[in-house]
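Below you'll find the structure, written out as structure tokens, and then a few comments.
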Amino acid sequence: MKPPVFEYVSPASLDDAIAALSAPDAGDVKVLAGGQSFVPLLSLRLAQPSLVVDINRIDELATITEEGGVLTIGSLVRQRQAEHSDVVKKACPLMAEAIPFIGHTAIRNRGTIGGSIAHADPAAELPTVAACLDAELVARGPGGERTIPAAEFFTGFFTTALAEDEILTAVRVRAAGPATGAAYEEVARRHGDFAMVGVGAQVRLDGDVVAEARIALSGVDIAPVRASKAEAALTGRTVDDSVLEEAAQAAVAALSPSSDLHGSAAYRKHVAGVLIRKTVATAAARARENR
Ligand SMILES: Cc1cc2nc3c(=O)[nH]c(=O)nc-3n(C[C@H](O)[C@H](O)[C@H](O)COP(=O)(O)OP(=O)(O)OC[C@H]3O[C@@H](n4cnc5c(N)ncnc54)[C@H](O)[C@@H]3O)c2cc1C
């Protein structure tokens, strides 16, 4: 199918983009970033905007910086750019681990960090990373800038706390310090497919003991899910097989995924347990190497 007719603007500044989004006569306006999800929606006429605001010329949204222990990734940074960034690999190893699971190279060349997070697919990797790390999502609209914690950002199936006239401008995460390790794993029918279940884990050690555990899952609910019971079961303990099993069981007991064409609820719960054990064990081993 062909996309519906729409007006198109391509502003070079964030202020102009926000002005276009919030114009009183704008109608149904949508932001275009990498287009890897939005253009198929247009072509299928699942999106029928009256105006498309293309943000690809706004260079200020395409930078990666680390300052004062905080990593800031502009929303327009391409997924492939973040995947290969030494700054991201060091400050946010979980993101660097997760990105190669997104589709294929051609998709990651165009797809943006902010586009994936704003799209909020419950099976997607980057929203799961944002939830796992308690990322701050920075939004700008006609009323100015606000920061939304990841726990409040993903409000449901493909829905977020962003207002229609707001642009997600950046993602901020606390940079990983010493004795920290991360791992991301998922199960999909083929490489590049959306995951049936994905798990991201980050562990910080104090000696041999877990000082902080962070675990988030994709594909098990309408939005990314934090495995807080598993995190609690790991904290203050030394990671061994029985602790891993206890943590996985605590997480799985709190999940209630749906069954669909791709897998039953029972299968998703089983996979979630396996992936939690695997990612936490790998993250803890990497944390030991980084001491
Ligand atoms: C074949 C294929 C396989 C894929 N596989 C995966 C996969 O395995 N995992 C995965 O996570 N993704 C996958 N994707 C999707 C891909 O990651 C997209 O890049 C991502 O979902 C959207 O990013 P984008 O920059 O392309 O955004 P767009 O497609 O341009 O926009 C997506 C949505 O977000 C909104 N939006 C974008 N940027 C902003 C912003 N800065 N502020 C406010 N709203 C914004 C748009 O209005 C639109 O509603 C796949 C895509 C394809 C085509």
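Just so you know, all these numbers are worked out from the coordinates, no wet-lab data involved. For clarity, every value in this text was computed on a predicted model and none was experimentally measured. Methodologically, a virtual Cβ is constructed for each residue, glycine included, from the backbone with ideal geometry; neighbour enumeration extends over all protein chains shown.
Distance between the C-alpha centres of the range 81-121 and the range 160-189: 9 Å, rounded to the whole angstrom.
Classified by the C-alpha gyration tensor, the range 147-271 has an oblate form. Its axis ratio a/c, with a ≥ b ≥ c, is 1.5 or above, and a/b does not exceed b/c. Distance between the pseudo-spin-label points of A106 and A265 (7 Å out from Cα toward the beta carbon): 3.9 nm. Here the range 62-174 is treated as an ellipsoid with the same Cα gyration tensor; its semi-axes, largest first and in whole Å, are 20, 16, 13.
Structural descriptor for the chain: relative contact order 16 percent, calculated from alpha carbon pairs under 8 angstrom and at least 6 residues apart.
Kindly rank 117-125, 196-204 from highest to lowest mean number of other beta carbons found within 10 Å of each residue.
In decreasing order of mean packing, 117-125, 196-204 become 196-204, 117-125.
Helices meeting the span-like rule in the chain (full DSSP H runs, Cα extent of at least 20 Å along the helix axis, mean Kyte-Doolittle score of -0.5 or higher): 265-289.
Working out 0.36 nm times the residue gap between R190 and S22, then minus their Cα-Cα distance, what length gain in nm do you get to one decimal?
56.4 nm
Using a basic spin-label model with each label point 7 Å from the Cα along Cα→Cβ, how many nm lie between R237 and V87? Distance between label points: 3.8 nm. For a label point 7 angstrom out from the Cα of D208 toward its Cβ, which stretches of the range 219-253 have the backbone nitrogen within less than 13 Å? Inside the label zone: 237-241. Remark: spin-label model distance S43-N290 equals 3.9 nm, labels positioned 7 Å along the Cα→Cβ axis. When only Cα pairs below 8 angstrom with a gap of at least 6 residues are kept, the range 62-174 shows a relative contact order of 28 percent.
How big is D, in µm² s⁻¹, for the range 156-210 by Stokes-Einstein at 25 °C and 0.890 mPa s if Rh is the Kirkwood radius over C-alpha pairs? The Stokes-Einstein estimate is 163 µm²/s.
With 25 Å as the limit, the listed pairs K229/K278; K30/K90; K89/K269 have K30/K90; K89/K269 beyond it between alpha carbons. Is any residue of the range 145-165 close enough, with backbone N under 18 Å, to a label point placed 7 angstrom from the Cα of D134 along the Cα-Cβ axis, and if so, which? So the set is 147-154.
Binning the alpha carbon pair distances of the chain at 10 angstrom intervals from zero yields the distribution 7, 28, 34, 21, 8, 2, 0, expressed in whole percent.
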